[in-house]
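*Asks:* Have a look at the structure that comes next, please.
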Amino acid sequence: MKVINTVLAKLQNRAFAAVDIASLVFFRIAFGLLMVCEIWILRHQIAASWIHPRFLFKYYGFSWVHPWPGNGLYLHWYAIGVFAFFIAIGFFCRLNAALFCLSYTYFFLLDEGGYVNHAYLICLFSFLLIFVPAHRALSVDSWLRPKIRSQTASAWALWLFRTQMAAVYFFAGIAKIAPDWLRGEPMRTWLTHNIHSSLVDRFSHEVWAPYLASYTALLIDLLAAPLLFWRRTRVAALCLIVIFHLLNAQFFTIGIFPWLAIAATTLFLSPSWPRRIISAFRPAMTPAKLKTGELPAPKKPVLILSFVAVYIAIQILVPLAHLFYPGGIEWTYLEHHFSWQMLLRQKTTTAFFYVTDPNNDETYQIRLREYLDPRQIARMGWRPDMVQQFARYLATVTLRSGPKPLKVQVRMFVSVNGRKPQLFIDPNVDLVAEPRRWGRPRWLLQIHEPLPDHALDSIQRSFESSQ
């Protein structure tokens, strides 16, 4: 017991040690400004994303979240931009972080079909900004309330953000240790069909190109956190990661994620790095010397440390949840959501929905374009939970000739990373009658079709062309 108490005392001392607040302030400003840009850039997509669609997919447990009527969505969206600006300038920072978090999460929950990892990351970062004291310097709050002004913050606030970003990198790397990725897919498809630049086009058809790109991305994601945590490799790792994100921004349509990730990755540097950069241009300004007694003793250290421990545990355990539902190389929504699995699959789907009225024994094939837009149709093929949601929707909007409920069956063929199309869902199952559950549905078929041997084909073509 004495040893445990000693360890806990050391942990508490390190968690509440004073560190320079400069890097937290930089991230607060960068996050706020990036979010202002995000809101402004995406303002024209509000109608197409949430107003025009007849049907929006819902996350498990959040079917009650619906769009505002009239111009409510537009007003709400621009309000998020205002909250983000107030975060950047530090005006009622924690209050506006809470308002931003709730408002942005509302849009995030409106449509499961619009899930992207960086939107989830924005929700998490804004949530953390509610609790960390990033408003105590270079902010309107510190100007209006001099008593809260401080050049330092507790170390736990900095480590909370570092752990969050480390989890993003680490689990993105773990996800890439997969047979398809190790064999160059879907990078091979992207290099030859999706990415167009003079440099890429020059090497895209080389046998080694997809392997080089795949293994480089895997190693960067997997080693990012260890190299950033180690002081001797920190700066070199940051430079490599910045280049990695800039290339991603150039070649892939992934929105604001590269810039947000770069801003968050700077938190791994020395907490005083912004002051050192400024002092290089203004020699009169030197990095602040931390005073041991500058930070007041925490009022509720156990509560703070419990919050940090629970949050970190959730961020570690949630990405591992899909391991309890093993399958083939297909994706359930468990594997894709909240797990930092990014750009791992190239899927093409062909789906046929059939509605059967047991009252007259007639079956109708549904034209998907009458209910969903092309984006929704494409994304629905990735996630079986969304297929079932749409099947249940069809059963509610399609007319029936008697009291018996309608049946909806689906024949969906999926090609994963260049494989030949295979049945993805049991065509004999009535998806309306199946319960919606958290886990792998029994009607989801496994895909174990091997990849086409592109490498051997490429070598053979190279050999034949040299003859």
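The values are calculated or read from the model by the stated rules, or taken from the named source; none is laboratory data. A quick note: this is a predicted structure, and the numbers were derived from the prediction, not measured. Cβ placement follows ideal geometry from the backbone for every residue including glycine, while neighbour counts extend to all protein chains displayed. Just the protein is used for accessible areas: all its heavy atoms, side chains included, with ligands, DNA and RNA removed. Shrake-Rupley method; radii C 1.70, N 1.55, O 1.52, S 1.80 Å.
Conditions (1) outside any loop (DSSP other than H, G, I, E, B); (2) out of contact with any Gly (no Cβ under 6 Å at 6 or more places or on another chain); (3) at pLDDT below 95, marked per residue:
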site	(1), (2), (3)
L191	yes, yes, yes
H205	no, yes, yes
P210	yes, no, yes
R232	yes, yes, yes
L246	yes, yes, yes
A264	yes, yes, no
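*Asks:* Of all residues in segment 403-424 being closer than 28 Å to H193 by Cα and aliphatic (A, V, I, L, M), which is surrounded by the most Cβ atoms within 10 Å (Cβ to Cβ)?
*Replies:* Per the stated criteria, the residue is V416.
*Asks:* Okay, moving on. Taking segment 321-374 on its own, how many of its residues are among the aromatic types (F, W, Y) and modelled with pLDDT of 75 or more? Give the derivation first.
*Replies:* Step one: of segment 321-374, the residues among the aromatic types (F, W, Y) are 324-325, 331, 333, 338, 340, 352-354, 364, 371.
Within this subset, residues satisfying the condition of being modelled with pLDDT of 75 or more are 338, 340, 352-354, 364, 371.
Adding up the residues that qualify gives 7.
*Asks:* Here are T396, T363: which of them is under 24 Å from W50 (Cα atoms) and either open to solvent by 40 Å² or more (accessible area, probe 1.4 Å) or not in a loop (DSSP other than H, G, I, E, B) (or both)?
*Replies:* Working: T363 fails: under 24 Å from W50 (Cα atoms).
Of T396, T363, the one residue that is under 24 Å from W50 (Cα atoms) and either open to solvent by 40 Å² or more (accessible area, probe 1.4 Å) or not in a loop (DSSP other than H, G, I, E, B) (or both) is T396.
*Asks:* Please go through segment 366-393 and pick out each residue that is open to solvent by 30 Å² or more (accessible area, probe 1.4 Å) and among the hydrophobic types (A, V, I, L, M, F, W, C).
*Replies:* From segment 366-393, those open to solvent by 30 Å² or more (accessible area, probe 1.4 Å) are 367, 369-371, 373-375, 377-379, 382, 392-393; that's our starting set.
Those that are open to solvent by 30 Å² or more (accessible area, probe 1.4 Å) and among the hydrophobic types (A, V, I, L, M, F, W, C): I377, A378, W382.
*Asks:* Residue by residue through segment 84-102, note down the ones that are surrounded by 19 or more Cβ atoms within 10 Å (Cβ to Cβ) and within 30 Å of R54 (Cβ to Cβ).
*Replies:* F100, C101
*Asks:* Which pairs have Cβ atoms under 8 Å, sit 6 or more apart or on different chains, and link a residue in segment 63-75 that is farther than 10 Å from I51 by Cβ to one that is open to solvent by 60 Å² or more (accessible area, probe 1.4 Å)?
*Replies:* Pairs found: L75/W68.
*Asks:* Shifting gears a bit: Just give me the residues in segment 111-145 being more than 29 Å from the chain's Cα centre (by Cα), in a helix (DSSP H, G or I) and either of a type in the set (D, E) or under 24 Å from I304 (Cβ atoms) (or both), in sequence order.
*Replies:* D141, S142
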